[in-house]
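Just so it is clear, none of the values below were taken in a lab; they were calculated from the coordinates. Since the structure is predicted, the reported quantities are computational estimates derived from the model, not experimental observations. Every residue, glycine among them, receives a Cβ derived from its backbone with ideal geometry; neighbour counts consider all protein chains shown.
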Amino acid sequence: YPVRIDAIDGESNVAAWALVQPGMRTFRLIGPPPPGLNNGPVQEAKLEIKPCTRYWIAAYKTDEMQNHFQPVIDYQEPLAGCTPAAQ
């Protein structure tokens with residue numbers, strides 16, 4: 001199921017996509033609502049962000065009637081033309 005990213009590390013000014021520095025980040029996600037409800041559940045998840053990688057985050061639910069979901073990485077790919085900063 002699709003999710004919406006509501007905040008990253010407490011910053012709620014998130015566009016359709018966001019450039020995030022590598023490292024452990026906390027995401028506030030809004031999951032899919034059960035049928036008949038307008039608002040989905042809000043949940044936090046932590047993700048170790050790799051340099052130069054784009055992520056698609058989704059919600060896994062064993063039953064569409066559930067309000068709880070498990071955030072999962074649906075897909076990830078390297079960003080074209082991106083070179084990780086020297087450490």
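Count charges around ARG25 for me, please; just the other residues with Cβ under 12 Å from its Cβ, Lys/Arg as +1, Asp/Glu as -1. Here the count lands on -1.
The modelled label-to-label distance between GLN70 and ASN39, using points 7 Å beyond Cα along the C-beta direction, is 2.7 nm. Think of each Lys and Arg Cβ as +1 and each Asp and Glu Cβ as -1; about the Cα centre, that makes the dipole of the range 13-74 roughly 260 debye. Look at the dipole of the chain built from charges on Cβ: of PRO34, ASN67, CYS52, the Cα furthest out on the positive end belongs to CYS52. Look at the alpha carbon pairs under 8 Å that are at least 6 residues apart: their mean separation over the length of the chain gives a relative contact order of 26 percent.
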